[in-house]
């Protein structure tokens, strides 16, 4: 089904591997012949294709993070939006927080669009990525978004999802710095069988590449005859999920189907035929025979836990026991035990809830397929429900116009608003110990909306809309769509109505009015002052964890996201689903630093006072030369979304470092740097625990000197209050750009740009 080639290959014009390149051709020549290289080169400002400085054609942010981005850019001196910037309102629209704070954010967003010349998509009109597909993407373009699923490769646009700091840089006219990524060929052959949908192909890809890091921080270039046999929507459904494979971005060959899609959406002039040249060199290759892809399921608690539904049924008891054990670790001893074995009855697996939603599930063709499968059947009212969130109002309108919405209603399938909703964990939360099957992007712990920290625990499995409908049709018994007989799948053409957006979306691009007053609701707060890096750094471990630390754990999804417009409030939820005492420990460290700044010493904590004095004596310095902060330690940190609050909340709490064996994504590491947090990484075993101290002497000089390696001196703290030497740990910050070094020295991106405005250079 999927074959991985882990070494470089040259492909000819028919995408066959060449035994050797043409005479005189080199790997360097071959790299220039990929689609990705040409697009990157046209957007690169550095003149150096090894070290890119990219400017994007458009930007996009959802309502759960655009306030913090706008506040960062405004505090850094932004005067206008330099490129089209879309502010979408699809994430926290239905967060159940009460009060005015969600709509306050929307009012603030609209005011910024008017003031600085942006595009504002009001609530319920579209999921941000569908709007960008329908209205902004074009061949050869690049779009940067503050949502990790910013992927428009199927339309010839390279999309990258990053933290808000990188979007703020673009708003300030700065570039996106990245070493030229490796490019992998994804060669598609064959045609999917009826009942096999785009999510099945995507889950197969993720299952084959995530855990071995085959795609990590690379660009996927989709080629082969199999591409041309897929509809554009099918390609989109695969493309958006490439984020979950660890890839940085993606790009697809374009053809007459791409041209027709863009023309139907009023952007025929943005079509270009994209195709790699013969002799293109790739750093590896993924071959997918679409005809061999089966209906898939991704078990909790990650999209990479993917396998054919057939295989899951064969190993059901073993796999469910493993899920139950992992879920129990997440839930801990709160409430009754987590149980999913009860969902296995008479050798079959039964689910409690079904949803098709968002940028991956809510596409027209997926929803029509649901109607085709449910034809002649009706969902009883005794428990199981199937809900659908169309990806946009134009999709919703066409479902109504072509009668699909009526067919779904008769079958008992409910159409919901055009928002991310259940994908973001803010709607349709299952009951305790229930299992939800979902065609959406993620199934992380409590991503379905449950709260393990409060004794609530549910789980979700990812599947394609077709198998979801088949399962619902069979009363909740897990069923692959290919198991059904007699289903007639219609090939309906989607009709896009541009009037919906023309009349309902505010488009102020290029028409900003700086006299526009901004209305800031009571929850919207400015960023607090961020301290610059000190000469020396004393870090206290506020949390040390085994396994992966996801961005969903660092900053939860769901209704908590509504507090992201208030840095101090959202910081109070840091790690709450995994470690309820993390915030109090981090704040205690922050208090030590505040006392040191105020009084030049620490009087409230005798142990900390002794540690600080001993280190100052050793380094022959004063307490004022030392910055005290907290440190987060984990084997792998940062898997998941692009949310910058995963880093900024740590800084608000006084964090100055992360220490990991691995950072899961480039975007999380960038978030750390943009908020002045050292991205420390080590190859050595992590033996640190909560309460231990880490001393980094002359850290400011190290960064100023362009060095990347630092030595950590560890002080182990014991329950009796004594402190003992714990040895030294060799670490690296990997390759930092000059700008990243200056940001770390300044303490955060805001400080760095503020100092630039004032004519001061950070040294």
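Things worth noting here:
- Any chance residue 172 is assigned by TED's automatic domain parsing to the domain that holds residue 51, buried (at least 24 other Cβ atoms within 10 Å of the Cβ) and more than 20 Å from residue 213 (Cα to Cα): no
- Within the range 39-131, strands (runs of 3 or more DSSP E) holding 2 or more residues that are buried (at least 24 other Cβ atoms within 10 Å of the Cβ): 58-61, 85-88
- Of all residues in the range 665-698 being surrounded by fewer than 22 Cβ atoms within 10 Å (Cβ to Cβ) and within 28 Å of residue 181 (Cα to Cα), the one that is modelled with the lowest pLDDT: 666
- Selection within the range 473-499 - out of contact with any helix residue (DSSP H, G or I) (no Cβ under 7 Å at 6 or more places or on another chain) and either within 18 Å of residue 365 (Cβ to Cβ) or surrounded by 17 or more Cβ atoms within 10 Å (Cβ to Cβ) (or both): 476, 482, 491, 493
Conditions tested, residue by residue: (1) assigned to a helix (DSSP H, G or I); (2) outside the structural domain of residue 444 (by TED's automatic domain parsing); (3) modelled with pLDDT under 95; (4) within 23 Å of the chain's Cα centre (by Cα).
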| residue | (1), (2), (3), (4) |
| --- | --- |
| 490 | no, no, no, no |
| 515 | no, yes, yes, no |
| 518 | no, yes, yes, no |
| 530 | no, yes, yes, no |
| 541 | no, yes, no, no |
| 547 | no, yes, yes, yes |
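- So residue 44, is it under 23 Å from residue 140 (Cα atoms) and free of Cβ contacts under 8 Å to residues at least 40 places away in the same chain: yes
- Test: residue in the range 261-272 that is surrounded by fewer than 24 Cβ atoms within 10 Å (Cβ to Cβ), under 29 Å from the mean Cα position of the chain (by Cα) and under 30 Å from residue 20 (Cα atoms): yes
- Residue in the range 194-217 that is under 20 Å from residue 276 (Cα atoms) and buried (at least 24 other Cβ atoms within 10 Å of the Cβ) present: yes
- Residue check for residue 748: out of contact with any strand residue (DSSP E or B) (no Cβ under 7 Å at 6 or more places or on another chain) and touching a residue at least 12 places away in the same chain (Cβ under 8 Å): yes
- Checklist (1) out of contact with any strand residue (DSSP E or B) (no Cβ under 9 Å at 6 or more places or on another chain); (2) without any contact (Cβ under 8 Å) to a residue 24 or more places away in the chain; (3) surrounded by 24 or more Cβ atoms within 10 Å (Cβ to Cβ) applied to residue 450, failing item: (1)
- Checking each residue in the range 407-447 for being in contact with a strand residue (DSSP E or B) (Cβ under 9 Å, 6 or more places away or on another chain), modelled with pLDDT of 90 or more and assigned to a helix (DSSP H, G or I) picks out 408, 409, 411.
- The selection criterion, being in a loop (DSSP other than H, G, I, E, B) and in contact with a strand residue (DSSP E or B) (Cβ under 8 Å, 6 or more places away or on another chain), holds for residue 509.
- Within the range 487-508, residues that are more than 21 Å from residue 89 (Cα to Cα) reach partners that are loosely packed, with under 12 Cβ neighbours inside 10 Å with beta carbons closer than 8 Å, at six or more positions or on different chains, in the pairs 495/401.
- From the options 35, 49, residue that is out of contact with any strand residue (DSSP E or B) (no Cβ under 9 Å at 6 or more places or on another chain), modelled with pLDDT of 95 or more and under 29 Å from residue 277 (Cα atoms): 49
- Residue within the range 576-586 that is surrounded by fewer than 18 Cβ atoms within 10 Å (Cβ to Cβ) and assigned to a helix (DSSP H, G or I) present: yes
- Checked against (1) crowded, with 18+ Cβ neighbours inside 10 Å; (2) outside any loop (DSSP other than H, G, I, E, B), residue 502 passes all but a single condition, namely (1).
- Flag if residue 186 is at pLDDT 95 or above and either buried (at least 22 other Cβ atoms within 10 Å of the Cβ) or in the same structural domain as residue 237 (by TED's automatic domain parsing) (or both): yes
- The range 598-613, residues that are part of a helix (DSSP H, G or I) and either buried (at least 19 other Cβ atoms within 10 Å of the Cβ) or touching a residue at least 40 places away in the same chain (Cβ under 8 Å) (or both): 606, 607, 608, 610, 611, 612
The values are calculated or read from the model by the stated rules, or taken from the named source; none is laboratory data. Predicted, not measured: the structure shown is a model, and the values here were computed from it. Please note: Cβ atoms are built from the backbone with ideal geometry, for glycine as well, and neighbour counts cover all protein chains shown.
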